[in-house]
Amino acid sequence: MTEDTLACRWLISGRVQGVGFRWYTVRRAGECGVVGWVRNLPDGRVEAVAKGGADQVTAFHAALTQGPSLSRVENVDKVNIPHETVDAKSFMLK
């Protein structure tokens, strides 16, 4: 990764489970060129962690705020994290 590498953790709430949100996230991560993972949380939210270049992470964030057509994204909390903590070669379901 280069010096403009960013990593973030997102918590997405709303109607985001049971609507294909994780698969949407995997597809969009591939399109944006980020690596990391996504998973459902027991409280009904979705958690995503990704790293990539600044433009890639920005595009991925925009995709998370949109969500797939059956979802209803109510809130997206984003926190920057050290990119060294994201040990991933691709983007996967967790």
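Here, each number is a calculation from the coordinates, and none is a lab measurement. Model, not experiment: these values are computed from the prediction. Note that each Cβ is placed from the backbone with ideal geometry, even for glycine, and that neighbours are counted across all protein chains shown.
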For Val35, distant residues with modelled amide H under 5 Å away: Lys51
Difference of contour (0.36 nm per residue) and Cα-Cα distance, Gln17 to Asp87: 22.7 nm
Gain upon complete extension [Arg27, Asn40; 0.36 nm per residue less C-alpha separation]: 3.1 nm
Unit charges at the beta carbon, dipole of the chain: most positive-side option, Gly33, Asn80, Gly14: Gly14
Prolate/oblate/rounded call for the chain, Cα gyration tensor, a/c under 1.5 rounded: prolate
Simple Cβ-charge dipole of the chain, Lys/Arg +1 and Asp/Glu -1, about Cα centre, in debye nearest 20: 440 debye
Gain upon complete extension [Ala62, Lys94; 0.36 nm per residue less C-alpha separation]: 9.4 nm
Degrees between helix 21-32 axis and first principal axis of the chain (Cα, 0 to 90, nearest 10): 30 degrees
Karplus-derived HN-Hα couplings along the stretch 6-13 (A = 6.51, B = -1.76, C = 1.60, θ = phi - 60°), whole Hz, x at Gly and Pro: 10, 9, 9, 10, 10, 10, 10, 10
